Amino acid sequence: MTRRAENRTRDKAIRTVRKMQRHLHALTDSCRVLIDAHAKGIDSLARIGPFDWERFEPGGKTP
């Protein structure tokens, strides 16, 4: 019984970490786009316009 509970807890933690990694990856991508736009003198909002914003919404799609 204890091992099953430990496995469930471990699996839930792994899912949580993976979800956070996906969010962090999406945030990193958006930061890179903004930094690149700034370096090239491009309007940041124009540069991120076509960005996949659904990735940032709660329950949004995953890469």
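The values are calculated or read from the model by the stated rules, or taken from the named source; none is laboratory data. Given the structure is predicted, the values throughout are model-derived calculations rather than measurements. Because the Cβ atoms are built from the backbone with ideal geometry, glycine has one as well, and the counts that use them run over all protein chains shown. Protein only, heavy atoms only, side chains kept; ligands, DNA and RNA dropped before computing areas. Shrake-Rupley method; radii C 1.70, N 1.55, O 1.52, S 1.80 Å.
Solvent-accessible area of Ile35, all protein chains in place: 120 Å² (probe radius 1.4 Å, heavy atoms, ligands and nucleic acids excluded). Using +1 at the Cβ of each Lys and Arg and -1 at the Cβ of each Asp and Glu in the stretch 1-45, identify which of Ala5, Ser30, Ser44 lies farthest towards the dipole's positive end. Looking along the dipole axis, the top candidate is Ala5.
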